[in-house]
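Chemist: My structure is below; once you've seen it, I'll send some questions.
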Amino acid sequence: MSEYCDMLIIYDECDQNSSIAAKEYAARFPAKEISDGQRIFAFNKSVRETEYTMPMKDLVCRGSHARTEENEEAILLAKQSY
């Protein structure tokens with residue numbers, strides 16, 4: 001869950017430039033692999049369109065307990081603070 005929060009925060013810090021955000025994410029979290037800016041862009045677009053912070057494929061894989069109101073609020077609060 002923190003990975004998604006980190007992606008949103010870095011995307012906003014990089015003036016919503018997904019290519020720059022992907023490079024910054026890789027620099028800050030070298031152990032976490034993300035292929036390119038498309039993942040960050042797609043996730044941000046999904047959050048803005050659906051207001052869900054968990055991609056639907058993750059909800060299916062992890063079960064309905066993964067997306068809770070508490071998790072949703074934590075990410076939205078973190079995003080608002082930046």
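Where a number appears in this text, it was derived from the coordinates with a stated rule and is not lab data. As the structure is a prediction and not an experimental result, all values here were calculated from the model. Using ideal geometry, Cβ is built from the backbone for each residue, glycine included, and neighbour counts are taken over all protein chains shown.
Chemist: Could you go through segment 68-73 in sequence order and give the Karplus-derived ³J(HN,Hα) for each residue, using 6.51 cos²θ - 1.76 cosθ + 1.60 with θ = phi - 60°, rounded to whole Hz, and x for Gly and Pro?
Modeler: Each residue of segment 68-73 in turn: 10, 4, 4, 5, 4, 5 Hz.
Chemist: Quick one: length gained pulling E3 to E70 fully straight, 0.36 nm per residue minus the C-alpha distance?
Modeler: 22.5 nm
Chemist: At 0.36 nm per residue, and after removing the present C-alpha to C-alpha distance, how many nm does the segment from A27 to R39 gain when stretched out fully?
Modeler: Additional length available on full extension: 2.7 nm.
Chemist: Further question: Provide the packing ranking of 14-21, 37-44, i.e. peptides ordered by the mean count of other C-beta atoms within 10 Å per residue, highest first.
Modeler: Result, highest mean first: 37-44, 14-21.
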